[in-house]
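Have a look at the structure below, then the notes.
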Protein chains: 6
Amino acid sequence: MPYVTIKMLEGRTEEQKRALVERVTEAVVETTGASKEKVVVFIEDMQRNHYAVGGKRLSDQ
Amino acid sequence: MPYVTIKMLEGRTEEQKRALVERVTEAVVETTGASKEKVVVFIEDMQRNHYAVGGKRLSDQ
Amino acid sequence: MPYVTIKMLEGRTEEQKRALVERVTEAVVETTGASKEKVVVFIEDMQRNHYAVGGKRLSDQ
Amino acid sequence: MPYVTIKMLEGRTEEQKRALVERVTEAVVETTGASKEKVVVFIEDMQRNHYAVGGKRLSDQ
Amino acid sequence: MPYVTIKMLEGRTEEQKRALVERVTEAVVETTGASKEKVVVFIEDMQRNHYAVGGKRLSDQ
Amino acid sequence: MPYVTIKMLEGRTEEQKRALVERVTEAVVETTGASKEKVVVFIEDMQRNHYAVGGKRLSDQ
């Protein structure tokens, strides 16, 4: 605890995901006082045909 | 905003998903007064072995 | 099935929520071929201090 | 209703998932009084590079 | 891990929720081999005006 | 995009939540290359009787 879910378009590299998870965890620890080993992060990749803004999917633009 | 997540069994066509996203966005705009370009839709596909009703997965029926 | 979750700022009236749920359900039925009685909709209200865009919560703007 | 979502690391067998869904459904029925045919279970598999504890992904350990 | 989310109509007693959490945790441990102290359960209460089946909210029936 | 959901025990102050949202947004921008105004953060408060580890709710410990 806390539990952080990050939903983003697929395509980020493993290096980006590793850094993302590290930096977000630090941000949570420093601002909430949670202990680092309790912070959990989930990444969820979105496909371009499964994500729409304004009624139009990214894959249709 | 609003953010709409639609979870359904895999197997719909791209044409169905495109229409789904358009029509749901219109429904949200007309009933909530949100501006169209702010409506976000996520689609999540479910596999038949990851979905159960009454204790039985679809893939076991 | 499908399962639709609509997350939006608190403050909509009951009349708006009732219409939202009806219209979204129709949109899902017409585009996916799901039978109406199987469509499930969840509404989730967001508070203005629990929602941020660009690093700033709505309650701080 | 109720709707149960179980998020876990990928790699469980179909036999484990089938038993999981059966047993969790029974546990829900016996403790909440819900009727069995109304209990819905979703399984979500997590990848090891999309799950982190303490700022470190499982795939990096 | 695993992480279990149980979404249900508000109104269950504390005793029911306590038993639900215990029994679901046991079901997960016995079928997946997860160690008990790693199983996390979240309960989410739904209001009757925020839940609809077939386009009609429970509060409108 | 990305969309970040942070689920944590209720009780954090408004000041902590404001800082949390700012810092997490920065962490996402610096590691993924997303533009700041596109990063969305949702906070979800958990109650102690709705959160269990090892089959025991926090409110029962």
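The single condition among (1) surrounded by fewer than 17 Cβ atoms within 10 Å (Cβ to Cβ); (2) within 14 Å of chain E (Cβ to nearest Cβ); (3) small (Gly, Ala, Ser) that F:Gly55 does not satisfy is (1). E:Ala27: assigned to a helix (DSSP H, G or I), surrounded by 18 or more Cβ atoms within 10 Å (Cβ to Cβ) and at pLDDT 95 or above, yes or no? When the stated conditions are applied, E:Ala27 passes them. Scanning the stretch C:3-15 for any residue that is among the basic types (Lys, Arg) and part of a helix (DSSP H, G or I) turns up nothing. Among all residue pairs at least 6 apart or on different chains, which show Cβ distances below 9 Å where the first residue, located in the stretch E:30-52, is at the interface with chain F (Cβ under 9 Å from one of its Cβ atoms) and closer than 16 Å to F:Gln47 by Cα and the second is at pLDDT below 95 and part of a strand (DSSP E or B)? Within 9 Å, no pair qualifies. In the set E:Val53, E:Val24, only one residue is over 19 Å from D:Thr31 (Cα atoms) and of a type outside the set (Ser, Thr, Tyr); that residue is E:Val53.
Take the conditions (1) in a strand (DSSP E or B); (2) within 15 Å of the chain's Cα centre (by Cα); (3) crowded, with 17+ Cβ neighbours inside 10 Å; C:Asp45 misses just one of them, which is (3). Scanning the stretch B:33-51 for residues being in contact with a helix residue (DSSP H, G or I) (Cβ under 6 Å, 6 or more places away or on another chain) and under 17 Å from C:Val4 (Cα atoms) gives a total of 4.
When residues in the stretch A:1-23 are screened for being at the interface with chain D (Cβ under 8 Å from one of its Cβ atoms) and touching a residue at least 12 places away in the same chain (Cβ under 8 Å), 2 of them pass. Taking the listed residues E:Glu10, E:Glu15, the one that is surrounded by fewer than 17 Cβ atoms within 10 Å (Cβ to Cβ) and within 11 Å of the chain's Cα centre (by Cα) is E:Glu10, with no other qualifying. Scanning the stretch A:48-61 for residues that are charged (D, E, K, R) and in a helix (DSSP H, G or I) yields A:Arg48, A:Asp60. Search the stretch F:30-40 for residues being outside any loop (DSSP other than H, G, I, E, B) and out of contact with any Gly (no Cβ under 8 Å at 6 or more places or on another chain), and hand back the single one that is surrounded by the fewest Cβ atoms within 10 Å (Cβ to Cβ). Restricting to residues being outside any loop (DSSP other than H, G, I, E, B) and out of contact with any Gly (no Cβ under 8 Å at 6 or more places or on another chain), the top hit is F:Glu30. Every condition in (1) surrounded by 15 or more Cβ atoms within 10 Å (Cβ to Cβ); (2) at pLDDT 95 or above; (3) within 17 Å of the chain's Cα centre (by Cα); (4) not acidic (Asp, Glu) is met by B:Met1 except one, and the failing one is (2).
When the stretch D:8-24 is filtered for residues that are in contact with a Ser or Thr (Cβ under 7 Å, 6 or more places away or on another chain) and more than 13 Å from B:Asn49 (Cα to Cα), the ones remaining, listed by number, are D:Met8, D:Arg23.
The values are calculated or read from the model by the stated rules, or taken from the named source; none is laboratory data. Remember, it's a predicted structure, so these values are computed and weren't measured experimentally. Every residue, glycine among them, receives a Cβ derived from its backbone with ideal geometry; neighbour counts consider all protein chains shown.
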